[in-house]
Structure formats: structure tokens, C-alpha cells
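Engineer: First the structure, which I've put down as C-alpha cells, then a few questions once you've had a look.
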Amino acid sequence: MNITPTPITAAIAGLLAGLVMPVLWTRLGGESLALVAAFLLVVALPAHAFVVGFSRGEPAASRALDTALLKRVGAWLSAAVVAIVFAHFFVGQ
């Protein structure tokens with residue numbers, strides 16, 4: 001299965017992490033092993049699959065900046081923050 005990371009997939013991964021991880025954090029706060037497993041499944045794996053990607057791209061120049069990756073990371077983080085703020089103000093009350 002070839003997953004091509006895009007800003008849209010990165011934003012979806014950020015929304016998932018931003019909505020699910022705070023809920024899991026409150027439920028699994030004292031159980032460190034379960035919290036680590038939840039973090040890996042909800043944050044790390046989707047971030048790697050939908051932001052970074054599994055396939056190797058063409059090698060960039062040694063001093064070049066990967067602007068596409070920076071845009072995907074920005075979309076991922078922005079979507080996560082929006083989801084957390086939304087959940088805090090609208091769902092948490």
C-alpha cells in the first residue's frame with residue numbers, strides 16, 4: 001500500500017491526534033505503558049504515515065530545505081491545535 005503524504009492527509013492525521021489523544025490522556029493518565037501505546041498508535045504512526053510518508057523521495061541537496069514536508073508538518077500541527085481548541089470550547093462544556 002503506497003500512501004502519498006499531502007497537506008490534506010497531514011491535516012486529517014492532526015485532527016485525529018488532536019481529538020483522540022486528550023481523551024485517552026485523561027483516561028490513561030496513570031497507566032504509563034498504555035499511554036505510550038496510545039500515543040504511538042494515535043500520534044506517531046499517523047504522523048509518520050500521513051505527514052512524512054513511508055517511501056523514500058529523491059535525495060535533496062545537502063543544504064536544501066524540504067518545503068513540502070514543512071507545509072505538511074504545519075498542516076498537521078495546525079489541525080491538531082484547532083481540534084484541541086474546538087474540543088475544549090464546544091465539547092468540554
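All of the numbers you see were taken from the coordinates with simple rules; none came from a lab. Quantities reported herein were computed from a predicted structural model and do not represent experimental measurements. All Cβ positions, even for glycine, are placed from backbone atoms using ideal geometry, and neighbour counts span all protein chains on display.
Engineer: Any idea which of Gly29, Ala79, Val42 is furthest toward the positive side of the dipole for the chain, if Lys and Arg beta-carbons carry +1 and Asp and Glu beta-carbons -1?
Structural biologist: About the Cα centre, the residue reaching furthest to the positive side is Ala79.
Engineer: Still on this structure, please answer the following. Filter the DSSP H helices in the chain by two things, a Kyte-Doolittle mean of at least -1.0 and an axial alpha-carbon span of 20 angstrom or more, and list the hits by number.
Structural biologist: Span-like helices here: 7-27, 67-86.
Engineer: For the chain, report the % of Cα-Cα distances exceeding 22 Å.
Structural biologist: 37 percent
Engineer: At 222 nm, what helix-only mean residue ellipticity would the chain give, in deg cm²/dmol to the nearest 500, using -39500 (n - 2.57) for each DSSP H run of four or more?
Structural biologist: My calculation for the chain gives -17500 deg cm²/dmol from helical runs alone.
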